[in-house]
Every structure is written in C-alpha cells, then in structure tokens.
C-alpha cells in the first residue's frame with residue numbers, strides 16, 4: 001500500500017494550483033506509508049502527492065500516473081488483485097499499456113466504463129482520479145474500508161489524504177476535536193461513518209465514491225454489504241465446496257506481488273486457514289509471524305506452534321508485555337489518529353515492526369472471517385439472550401452465558417442477578433435493531449462518566465441516534481443473526497478493526513496487510529448462506545470449519561474461540577511510561593483539552609495506581625482518556 | 001454504625017462514581033439498577049467489607065437483598081454483628 005494527499009481548489013475561475021512545497025509537506029506527514037518514492041503533480045487548480053511503497057511493478061509503477069492523453073491524473077493506494085485478468089480483457093478490447101502495474105489498469109478501466117469502472121475491481125484501494133477535461137475529482141474507497149481516505153473542505157478547497165495528518169499542512173485553521181465523535185467512540189469504539197474524531201473532517205465511507213466538481217460534492221454508494229432472506233438453495237456440501245474454491249482463489253490472487261509475502265499466525269482458525277492455503281497453493285516457502293504475550297491468559301503460543309510444525313514454516317515471533325504496551329502507546333495513538341478504548345492495536349503495531357525487521361512488506365491475515373461468517377462471541381451471546389428473553393424468569397437459561405464466557409469474574413452466590421444486570425439489558429425487546437450489541441455498548445458508554453460538564457453541554461446528537469440514522473431501513477427485515485453481523489461490520493470492523501487496529505498499525509511500519517476473507521465475492525457468498533449454516537447450534541463458523549478441515553489440524557478447528565485481547569494500559573501506569581501518562585492526565589493538560597473532569601480522572605488514576613484490577617468500563621475509560629489526550633496534543637495543540 | 005456508613009459511602013462514591021459529591025448517591029439507590037456496580041465491582045465491595053469493615057461475606061450471602069444499596073449493606077453488616 002501507499003499513501004497520497006491532494007488539494008482541489010474549487011474556485012469557479014480555475015483556482016490556484018497548489019504549490020509543490022505544500023504538497024511535499026503533506027506527503028512527508030505520511031512518509032511511513034510510502035518510504036520508497038515520492039511523486040507530485042500540480043496544474044489547473046488540482047494538485048496531489050503520492051508516497052510509494054513499491055510492491056508491484058517496481059520499475060515503472062510510479063505515481064501520480066497520467067493517462068496517455070494526459071487528461072487523467074491518478075493517485076492510488078492499495079492493490080487491485082484481479083488486475084491481471086482486467087488487463088487481459090482491456091488489451092483484447094484494444095487498450096495499449098506502457099507499464100505492468102495495476103495502477104495503469106485503473107486508468108484504462110475508467111476510460112472504458114466511466115464511473116462504473118469501480119465495480120470491476122477486486123481489491124483494497126483508495127483512489128483519487130482527476131479528470132481534467134470535465135474538472136471532476138473522484139475519491140473512491142474499497143468496499144469494506146481496508147484503505148483509509150479522508151477529506152475536508154477548507155475555504156473552498158477540497159483537501160484529501162490517506163491519513164488526516166496529511167491534510168493538516170493545507171488547513172487554514174488547523175484541526176479540532178468533535179465532541180459528538182468522541183461520544184460515538186466512547187460508545188461504539190469508533191465514530192459513526194463518515195465522521196472522524198476531527199471536526200469537519202470526514203472519511204469516504206467504505207463502498208462509496210465522492211464525485212467532486214467546482215459546484216457540487218456528491219456521495220455515491222457503489223456497493224453495500226447486504227443480506228436478503230432469499231437464501232442460497234445449495235446443499236451444505238455444495239456450499240462447503242464453493243467456499244473452499246472461493247477462499248483458495250481469494251488467497252491466491254492476494255499472493256500476487258513482486259516482493260515476498262508472509263502471513264500472520266494467531267493460532268486461531270482464520271489465520272491458520274490462510275497460512276495453510278498459502279502453504280498448499282503458494283509457489284514460495286511460507287514465512288509466518290506471531291504475537292505472544294508474557295501474560296499467559298492472552299497468549300496462544302501452543303496453537304501457533306502446532307501450525308508451525310505442521311506447515312514447516314520459517315517462523316518469527318515477538319513477545320509483548322504490559323510494559324511494552326505502555327511504552328509504545330503514545331506512538332500508536334499518533335498513528336491511529338483516534339482515541340481507542342482498548343490497547344489491542346498496540347501489539348499489532350509491534351508485530352508489523354517484526355515483519356519489517358525481517359524485510360517483508362506484505363502479510364496475509366485472517367481478518368474478516370468473524371464478521372463474514374459470524375464467528376464472534378457476541379453473535380452467540382445474542383442468540384442465548386434471545387433464547388432467554390422468551391422466558392425471562394428462567395433460572396437456567398442465563399447460565400448458558402456463563403458457559404459462553406467461562407472467564408467471567410462472577411461473584412459466588414446468586415449469579416443470575418449479576419448476569420442479568422449486564423446481559424439482561426434490552427431483554428424485553430429482542431427484536432430491536434441493536435439488541436445484540438446493547439450490553440457491549442452500555443459497558444463502553446460507562447466511560448462517559450468522566451466527560452466534563454463542558455463536553456456534555458456540547459453534545460447535540462446522541463451517539464445512538466446518529467448510528468440509528470445511518471442504518472438502512474431494510475435492516476429491520478434482516479434475520480436477527482444477519483442484523484448483528486451487519487451492525488458489527490458497520491460499527492467495529494471498518495472504523496476500528498481495519499483502521500485503528502489494521503491499516504494504521506501495519507502502515508506505521510510500511511507493511512501492507514491483505515485479507516482474503518474480505519474478498520467481496522466471499523462476503524456476497526456468505527451473505528446468502530442461511531444463518532444456521534454459519535452457526536450450527538452454538539458451533540460458530542461451521543461452514544468455514546468444514547471447508548478447511550482438510551488443511552487445518554483438528555485441535556485448531558475444535559478449539560474454543562479465544563478473542564484477541566491485550567493487557568490493559570493501567571498496568572503501565574507504574575512503569576517508565578507512567579511518567580508520561582501522568583503528564584497527559586494532569587489537571588493542567590485535562591484543563592487545556594477540556595473533555596474530561598479532572599477530579600474524576602484523578603480518582604480513577606488513584607484507583608489504577610493502587611494496582612487493583614479495574615473493571616472493564618474503568619479500564620476502557622482510562623485507555624480512552626489517555627488516548628484522547630494524546631490525540632489532542634499531537635494534532636490540535638501542536 | 002455512623003463511622004461505617006461514612007466509610008462505606010466514601011468507598012462507593014470514590015471507587016464507582018469517581019466523585020466526592022455526597023449528593024450523587026442516596027442511601028437507597030440500587031447499585032445494580034443504576035449501573036454503579038458490575039460483577040467486578042461486587043467483588044471489590046466484598047473485599048472492602050472484609051478488609052476495612054471486618055465483615056465477612058459468604059457465597060450464599062452475595063445477593064441484592066444484602067448488597068444492593070448503602071442501606072442494604074449497612075443492614076447486612078448489622079445482622080452480622082449480632
């Protein structure tokens with residue numbers, strides 16, 4: 001992947017072409033995304049800069065790339081995995097190519113199909129395409145939001161970039177934080193698209209293109225992750241076979257690269273499946289990378305080793321402890337550009353550092369399988385809660401939740417009361433759109449206890465209202481399981497998992513992630529499967545397990561799902577990094593940003609410093625407050 | 001009992017509500033209904049009762065009847081002292 005930024009001066013009479021120096025500054029801010037090369041274009045009121053991470057066509061793939069008639073200017077971040085097939089088709093249709101890159105395919109495809117060209121792409125991409133003749137800029141983002149793309153309008157100019165920090169040099173009044181987006185993050189872990197934590201800075205939503213000319217900015221949705229009740233009529237065996245073939249192809253086309261490709265190995269089903277398929281169908285030896293934790297309850301080393309032995313891979317791992325997380329926290333937040341409620345992105349950034357140190361630029365991962373095939377515990381949890389809601393007074397139904405979460409720290413005595421206080425929320429409205437996610441969001445939202453009165457007074461639209469307004473009306477017609485999957489993909493996946501924990505943690509070390517499970521053909525295939533094929537009884541990702549059973553060892557297929565978690569940030573308060581944390585949590589810093597109540601934060605800090613374990617909400621609050629303060633200092637104050 | 005009540009209120013206010021504002025908690029406010037305590041919070045409360053107020057809590061005594069408000073906890077302490 002790469003990075004780009006640019007400016008379109010939309011003044012009616014031509015506009016001012018952005019100075020090359022300004023574009024260079026914008027590019028410098030995202031140099032980590034593309035350390036290999038820089039390219040700049042500026043004319044006729046439009047300018048852009050591209051930072052290149054060379055992966056395909058190392059010799060001639062430079063950007064910005066111009067069409068042969070020089071009427072189109074393209075900067076592009078990501079990969080078009082089916083570019084080989086698209087190129088062949090275009091050649092038979094008479095198109096002549098001067099490079100071997102996927103970038104040039106985009107130009108020709110646009111010339112041939114106009115705006116519809118994007119539906120031909122299979123890949124992960126953010127694209128800025130300037131059509132000089134009609135003075136129109138297209139900003140396009142891949143279907144599920146793997147590659148980031150942001151924009152704002154500043155004094156009539158449209159300013160865009162792969163990361164918000166690339167926009168900053170072009171902004172006349174700098175950046176400020178949005179109270180409403182903070183409210184959304186402190187509920188869903190990510191802002192509701194297209195919002196960002198920065199006021200008036202928006203993302204191009206996944207599956208959308210922005211069509212910008214001198215008078216209008218239009219947002220067009222070209223793809224939607226959708227479900228209908230017209231389920232596939234294929235037999236279970238046929239579905240398993242189709243999934244098997246699709247996943248192999250999705251993996252194989254993601255191995256297309258002119259540099260070596262590696263894989264992450266977490267020890268779970270998803271990454272194990274991808275690693276096993278690379279091993280089976282790739283044409284170079286498999287190279288794998290893993291994360292380990294020195295706190296045993298987070299670690300999955302034994303399962304990783306099972307795979308390493310079976311696949312005979314050359315393997316590297318990095319051991320991460322609470323101190324490492326505390327030390328890397330500030331730099332992580334510089335890259336997430338957004339507050340986070342859990343520390344999980346930090347180890348992912350350390351893991352991509354290991355990949356870089358081993359001179360790899362590309363890794364395949366198992367990201368997306370839990371969303372596509374309904375693998376997360378929250379889907380089981382919703383199923384049990386719905387079952388419980390049919391007989392709310394049952395003494396034994398809620399106990400199924402204890403089986404689902406054996407690590408729950410429940411007091412002895414009357415479990416039901418405490419299970420009910422958390423999981424029993426919304427039990428009287430099991431058909432409500434967000435039923436599946438209410439307990440999680442309520443727990444997260446407790447972190448808002450620490451919001452200052454001033455911040456609360458600026459909240460006009462409540463997070464839940466903003467989310468509900470963003471959901472399509474047809475969602476109420478979805479099966480409850482599909483509805484939960486949709487909400488998960490809309491709220492947590494693109495805004496947090498693929499962004500704060502995904503692209504940002506990979507690209508901070510100039511590493512590109514590729515995600516076979518997020519191939520849109522697989523998503524569309526899985527969306528047509530009956531929910532019972534995805535989760536059979538309480539057996540999650542049933543169809544995937546069946547399809548992968550010949551490649552992945554039984555002990556991994558049959559193991560209980562372990563959610564990826566990392567040690568909390570409060571364990572670092574008493575370490576070297578603690579001193580830095582004290583600075584961000586000081587009365588004076590909290591007073592400057594104004595988002596949190598210094599008195600309340602002091603009490604939380606005191607509790608954490610005593611070394612007593614914090615509750616989930618308290619830990620999320622501390623992580624959220626610290627990260628918000630770091631975002632404020634990194635992007636607003638400075 | 002007054003000393004115990006003062007200590008208990010201070011503990012709940014500072015540890016769960018993160019405030020010194022006495023008005024933020026009434027003695028009959030339900031800890032569960034108001035989202036003041038979750039399961040981890042209950043464990044902490046039990047540790048506090050045992051360590052600071054010398055009141056041991058058995059497994060079958062961990063119920064809302066005993067632990068769900070300042071007044072209920074105080075009543076529970078009272079029964080244990082007899």
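How big is the gap, in Å, between the Cα center of segment A:510-587 and the Cα center of segment B:1-39?
Here the two parts' Cα centres lie 37 Å apart.
Which percent, nearest 5, of DSSP beta bridges in chain A are antiparallel?
75 percent
Using the alpha-carbon centroid of each, what span in Å lies between segment A:438-461 and segment A:145-170?
28 Å
Going by how many other Cβ atoms sit within 10 Å of their own, how do A:593, B:56, A:489 line up, fewest first?
B:56, A:593, A:489
May I ask you to derive the FRET efficiency for residue B:58 and residue A:302 from their Cβ-Cβ distance with R0 = 45 Å, giving the value to the nearest 0.05?
0.75
For chain A, what is the relative contact order in percent, using Cα pairs closer than 8 Å and at least 6 residues apart in sequence?
Values: 1177 pairs, mean separation 108.6, N = 638.
Reported relative contact order: 17 percent.
How far is the Cα center of segment A:5-51 from the Cα center of segment A:263-309, in Å?
Comparing the Cα centres of segment A:5-51 and segment A:263-309, I get a distance of 40 Å.
Given the -39500 (n - 2.57) contribution per DSSP H run of 4+ residues, what per-residue ellipticity at 222 nm results for chain A, rounded to the nearest 500 deg cm²/dmol?
Counting only the DSSP helices, I get -11000 deg cm²/dmol.
Let's test the formula: R0 of 25 Å, r as the Cβ-Cβ distance of residue A:549 and residue A:233. What FRET efficiency results, to the nearest 0.05?
Calculated value: 0.60.
Looking only at other chains, what is the average number of their beta-carbon atoms within 10 angstrom of each beta-carbon in A:598-606?
So the per-residue partner count for this stretch is 3.
What relative contact order, as a whole-number percentage, does chain B give when Cα pairs under 8 Å and 6 or more residues apart are counted? Can you show the working numbers first?
On the way: 53 pairs, mean separation 26.2, N = 82.
Taking the mean separation of contacting Cα pairs over the length of chain B, I get 32 percent.
Could you work out how far apart the two model spin labels at residue A:215 and residue A:456 are, taking each label as a point 7 Å from the Cα in the direction of the beta carbon, and quote it in nm?
4.8 nm
Round to the nearest 10 and give me the degree value, 0 to 90, for the angle of helix B:39-52's Cα axis relative to the longest principal axis of chain B.
60 degrees
Using a 10 Å cut-off around each Cβ, can you sort B:16, A:376 from fewest to most neighbouring Cβ atoms?
Listing B:16, A:376 from fewest to most nearby Cβ atoms yields A:376, B:16.
So for segment A:1-71, averaging the separation of alpha carbon pairs under 8 Å that are six or more residues apart and normalising by length, what relative contact order in percent results?
After rounding, I find 36 percent.
Roughly how crowded by other chains is peptide B:40-46, in terms of the mean Cβ count from those chains within 10 Å of each of its Cβ atoms?
So the per-residue partner count for this stretch is 6.
Using only Cα atoms, what is the ratio of the radius of gyration of segment A:569-637 to 2.2 N^0.38 Å?
Working it through for segment A:569-637, the quotient is 1.02.
Please express the shape of segment A:1-145 as an equivalent ellipsoid: the semi-axes are the square roots of 5 times the eigenvalues of the C-alpha gyration tensor, given largest first in whole angstrom.
23, 18, 13
Pull out the extension gain between residue A:310 and residue A:222, defined as 0.36 nm times the separation in residues minus the alpha carbon to alpha carbon distance; nm, one decimal.
So the chain would gain 27.5 nm between residue A:310 and residue A:222.
I need the semi-axes of the equivalent ellipsoid of segment B:2-81: take the C-alpha gyration tensor, multiply each eigenvalue by 5, square-root it, list largest first in whole angstrom.
Equivalent ellipsoid semi-axes, largest first: 18, 14, 12 Å.
Evaluate 2.2 N^0.38 Å with N set to the residue count of chain A, then give the Cα radius of gyration divided by it.
0.94
Which ordering of A:227, A:151 is given by a fewest-first count of other beta-carbon atoms within 10 Å? Numbers along the way, then the final one.
Numbers: A:227 21, A:151 25.
By the 10 Å Cβ count, ascending, the order reads A:227, A:151.
Taken together, the values in this text are just the output of simple stated rules run on the coordinates, not laboratory data. Everything numeric here is computed off the predicted structure, so don't read it as measured data. Positions of Cβ are backbone-derived with ideal geometry, glycine not excepted, and every protein chain shown enters the neighbour counts.
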